[in-house]
Amino acid sequence: MGDAMMHASIRPHFPFFCLTGRVLCAALLGYTSPLYSQISSADLSSADGSYIAHNGGFSLTVEDSSASLAFFIDTTDITAFLSQDGTQWVYPPQAPPLPPGQHELIIYQTDDPAQWQEINRLPLNVLTPSGFEVSVISPTLDITLKTQLASDTNGDATALERDTFQDGELQAVFASEQQTGTMTLRSNINIVGFSYRPDALRFAEMNEDAPKIDLADYLVEYEHGAASVALGHISYGQHPLLIDSVSNRGLQARYQISDELDFSLGLMNGNSIVGYNNIFGLSHYDDNRVAAATIGVELLPTRPGGLRAEFTYMNSERPSEDDFNTGEISDAEKNSGFGFRLLGSSESGRLRGELNYAHSRYTNPNDPNLELDDPDTPIVEVKPSSDDAYSAEISYDILAGESMLWDTPVTLTSSLRYAYADALYNSLGAFVDANLALYTLGLDGQFGPVGTQFAYTHAQDNVDDLDTLLTTRTRSLTFALNLPLQSLFGAAEEPQWWWPELAYTLDRVHQEAVNTPDPELSGFDDPSQLPDQITRLDSLDFTWYGEQWDASYRFSIADEDNRQTGREQADFTTLEHAVNIGLRPINDLNLTLGTAYLRNHDREQSLVNYSNTYTFGLDWTFWNDWVFNGSVTYIDEDDNASLAARDTTTLQAQISYRFELPGPASRKLPGQWFLRYDREKLNELDTEFELDSSATTWTISSGLSFSFY
């Protein structure tokens, strides 16, 4: 029997409760779809891909009712569950539920027992029991038990907070994703717990009232066509001067009005929060918020991203908060502003640019927490300040992979950036260097495997040129060069290990005063108070790679040159040598050796400080899933005048075992056990302050962790 001799359609059977559930789901999600799919065997490409209920059954119409047929869903034979009534083949609702997802219904003709003939394949798309086309739920649970078995301190060592303890920690993550048509629903919830209350998420805020199990973060996202909504720990803002990737708990919405126009909104708490009390992040919206809205317009509809304009408005407020750790009460803050952003690129993408402008109004509103008890004490009212900030950036690919000498691809990109912010500019949604004008020129290149970067920055503060303020100019130069000599001169089929990878970096910063403020009004009455300093760092790194080893050598020299009047000799030079070697004598054994030498010369004090560091590390999988890790570090410090000396020895050794336990549905549940020993000894001598101390601290700890998923 050929395809032309048969017409088949899949028609689901729906009990009343199934139909009611689908209608309710459609009403809640705003989604409609056909209640059954009708597929023509003569033209499978006309199938609309509609989904059927997993427990609603279906029917097939076969024109030749005398044929012997067999029916498979993918590789599963379901023939026994179908009944024939003339040209109808029925899979009843009472039969086993259909597997959710996208499948194929394969029909075979079985008149000849020796050779079945496939006569048709029909798409069979089945909804999940909850009525979604796709539903994925991924819960995870990690439990960790930590134990400090023993500990001790000797000499002048600070006593440990707890000599021994047994603590437990857990992290539970619930992630899910559901899809139906153009609707997608995602969720991610992260809960953490600690048996030791001082480790709790909100202990600094609530002390002994802090819950041991708490909500760390969550995010629920809903997308339907051109609209999307997110609730939980969101990130909002793409304006670098007004609101830039502020991540707090709140609500975010976006709607694509047309191909050229879109709108977004962000409402969130004014500062980062955890816990389940302020679950939506909007409970204190009146005085603790970051609210912003953005309208975006594609000015070149035929080339999205070619030229885009965005207008953003923000209104924010934060209350004062007590900081018990520092005994500080921070000011309340209030801020509103708007910003404009224009970004685009050429059709080839080689020319790219961005222009930003923001206007911000900032103030410290009246705060009862800062009122003085003495009513006679005069209080100066803080006045609101309205300020502007600008930035512009442009980059151009001078060469974009063109082949040049020896057919080597070459890329070369230049960039130029300008930024300016008024003296009192401030925004609660973005970090901006106020009272500063900045220019940056960059050049990045790649010649085959050789890479280079160059950047020059010129910055100057006191943008209002006030005579009473110090004006400081900072010029910085950065250069980096990477030369993989093995790739340049070695043979690809037989790498020559003696050719290293070479990297050179240069950082030079010159900071100097460019004015002399009025001494009577500014307090700058000594020329030595006017800064003039050059700092330079040169570093050279060599790295070699062998089949079972690697090695590196680093040489660097840092120089700090003070040029201000009266401090010409207050200069420092730091010299560093460092060598590291890695050995892999066998597959399961890694050894590391390292040494570093540091010399710091204080010219003004004629004092030279020395530091020598020696390290050894071991990582050994000695039997199946048993691993031993160990490290020893010794640091010796002294100076040429024998004023002070210090030596520190740190030892760490751990044995661990990874295992798997049988879990539900034939899953394997991974776990790990470890036993660790830590020891640190410090000897310190200071002849100037007559200090001679020795301190030793050691601990033995163990841990057991399980992952359930």
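The values are calculated or read from the model by the stated rules, or taken from the named source; none is laboratory data. Quick caveat, the model's predicted, so the values are computed rather than measured. Neighbour counts run over all protein chains shown; Cβ positions are idealised from the backbone, glycine included. Each accessible area value is taken on the protein alone, full model and side chains, heavy atoms only, with ligands, DNA and RNA left out. Shrake-Rupley method; radii C 1.70, N 1.55, O 1.52, S 1.80 Å.
Results, tabulated for the structure shown:
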| quantity | calculated |
| --- | --- |
| Residue ranges of strands (runs of 3 or more DSSP E) in the stretch 107-199 with at least 3 members open to solvent by 60 Å² or more (accessible area, probe 1.4 Å) and not aliphatic (A, V, I, L, M) | 117-126, 134-155, 165-180 |
| Single condition GLY448 does not satisfy, out of (1) farther than 26 Å from GLU547 by Cα; (2) touching a Pro at 6+ places or on another chain (Cβ under 8 Å) | (1) |
| Of residues in the stretch 524-550 being of a type in the set (Phe, Trp, Tyr) and in contact with a Phe, Trp or Tyr (Cβ under 9 Å, 6 or more places away or on another chain), the one modelled with the lowest pLDDT | TYR545 |
| Any hit, the stretch 77-95, residues being farther than 13 Å from ILE107 by Cα, charged (D, E, K, R) and either out of contact with any Leu (no Cβ under 9 Å at 6 or more places or on another chain) or in a loop (DSSP other than H, G, I, E, B) (or both) | yes |
| Test result for TYR553, at pLDDT 95 or above, open to solvent by 60 Å² or more (accessible area, probe 1.4 Å) and among the hydroxyl-bearing types (Ser, Thr, Tyr) | yes |
| Residue list for the stretch 229-260, restricted to those being hydroxyl-bearing (Ser, Thr, Tyr) and within 22 Å of the chain's Cα centre (by Cα) | SER235, TYR236, SER245, SER247 |
| Flag if TYR439 is in a strand (DSSP E or B), under 30 Å from MET314 (Cα atoms) and open to solvent by 70 Å² or more (accessible area, probe 1.4 Å) | yes |
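Residues are listed down the side, and each one gets a yes or a no for (1) surrounded by 15 or more Cβ atoms within 10 Å (Cβ to Cβ); (2) of a type in the set (D, E, K, R); (3) within 27 Å of TYR425 (Cβ to Cβ):
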position: TYR236; (1), (2), (3): yes, no, yes
position: GLN256; (1), (2), (3): yes, no, no
position: LEU261; (1), (2), (3): no, no, no
position: GLY266; (1), (2), (3): yes, no, yes
position: ILE279; (1), (2), (3): no, no, no
position: GLU333; (1), (2), (3): yes, yes, yes
